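Have a look at the structure below, then the notes.
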Amino acid sequence: GASADGAGDAAAGDAEAAGDADPMRPELSDRPAPRGCKAEPDRQEEQTAWCLLELALLSLEALRFEPSRLAAGALRLSRQLDGSRPVWPPLLEQLTGYSEDSLAECCAELLGLLQAAPDSALTGVRKRYVRQFEALAPHLGRA
């Protein structure tokens, strides 16, 4: 908490005035995105990440991953499937706290869930994300 003399509040105000970005709200940053890193994910990439997360909610195997790792893994895999380069830029590693290597197992699990989804008896996610499944058909072994 802040001290009785308000020094904590003043320090927070100084940090904001200095232009320091809140790492939990990068969209509020007044700094441009680093070279080679899109300022915002495109709609396809974003929807693919949400689709992956919804598939993970239906999987007992995915419970072994922390929610933050699942979120980072879904974003990393959606960027890979979308062809974004770099797939996992330093900014995303810094913001999430996860290196690309530390997400490998989670991404493999998510890719397996995505590949199994077309044959799953659970159709809700597939119906909600029809466009993502159509766009990702080449990655699912279906043309």
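The values are calculated or read from the model by the stated rules, or taken from the named source; none is laboratory data. Since the model is a prediction, treat every value here as computed from it, not as a measurement. With ideal geometry, Cβ positions are generated from the backbone for all residues, glycine too; neighbour counts draw on all protein chains shown. Surface areas here come from the heavy atoms of the whole protein model, side chains and all, with no ligands, DNA or RNA. Shrake-Rupley method; radii C 1.70, N 1.55, O 1.52, S 1.80 Å.
Criterion first (modelled with pLDDT of 95 or more, open to solvent by 60 Å² or more (accessible area, probe 1.4 Å) and under 25 Å from residue 135 (Cβ atoms)) does residue 100 satisfy it? In short, yes.
In summary, helices (runs of 4 or more DSSP H) completely within region 1-83 and bearing 3 or more residues that are among the acidic types (Asp, Glu) and at pLDDT 50 or above occur at 43-57. Entry remark, region 92-134: residues being touching a helix residue (DSSP H, G or I) at 6+ places or on another chain (Cβ under 8 Å) and aliphatic (A, V, I, L, M) number 9 in total. Quick one: in region 115-131, of everything that is of a type in the set (A, V, I, L, M) and surrounded by 14 or more Cβ atoms within 10 Å (Cβ to Cβ), which residue is farthest from the chain's Cα centre (by Cα)? Looking at the filtered set, the residue picked out is 117.
Out of region 116-133, which residues are in a helix (DSSP H, G or I) and among the small types (Gly, Ala, Ser)? First the steps, then the outcome.
As a first pass, look at region 116-133 and keep what is in a helix (DSSP H, G or I): 116-119, 124-128, 130-133.
Passing the criteria: 116, 117, 124.
Can you tell me which residue is nearest to residue 56 (Cα to Cα) among those in region 91-115 that are assigned to a loop (DSSP other than H, G, I, E, B) and among the hydroxyl-bearing types (Ser, Thr, Tyr)? Break it down stepwise before answering.
Taking region 91-115 and keeping what is assigned to a loop (DSSP other than H, G, I, E, B), we get 97-100.
Adding the requirement that they be among the hydroxyl-bearing types (Ser, Thr, Tyr) leaves 98-99.
Values: 98: 18, 99: 20 Å.
So the residue we want is 98.
When the residues of region 83-97 are filtered to those that are under 13 Å from the mean Cα position of the chain (by Cα) and of a type outside the set (S, T, N, Q), the one that is surrounded by the fewest Cβ atoms within 10 Å (Cβ to Cβ) is 97.
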